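Input: a single structure, listed below in structure tokens.
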Amino acid sequence: MYTGGQVIRSVIQIGYLVLLYTLGGHTPWDPLWLLVGGCLGITLPMFYFTYKLVKFNDKKKEDDSDGSQL
């Protein structure tokens, strides 16, 4: 299920970037800079959420190891 979610997420992200580039000609901004902004908008939040996920996973491992020693 996780792998399927990753594939769907990748397709959505690629589609988003393609739409930004193709429809960028209809905006007053350069499509290249819209594409750069779209890439940053996808990538930068991923750093934050990856950090939170690793922190959550480490905490869960600590909780599991404490409970198994009873």
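No lab work stands behind these numbers, since they all come straight from the coordinates. Since the model is a prediction, treat every value here as computed from it, not as a measurement. Quick reminder, even Gly has a Cβ in these numbers, built from the backbone with ideal geometry, and neighbours come from all protein chains shown.
Quick notes on this structure:
- Charge dipole (Cα centre; +1 on Lys/Arg Cβ, -1 on Asp/Glu Cβ; no other charges) of the chain amounts to roughly 100 debye.
- Treating r as the C-beta distance of Gln6 and Thr27 and R0 as 35 Å, the FRET efficiency rounds to 0.70.
- Equivalent ellipsoid semi-axes, the chain, via Cα gyration tensor eigenvalues times 5, rooted, Å: 39, 14, 5
- The length gained on full extension between Glu62 and Ile14, counted as 0.36 nm times the residue separation minus their Cα-Cα distance, comes to 13.6 nm.
- Acute angle (nearest 10 degrees) that the helix 2-23 long axis makes with the longest principal axis of the chain, alpha-carbon atoms: 20 degrees
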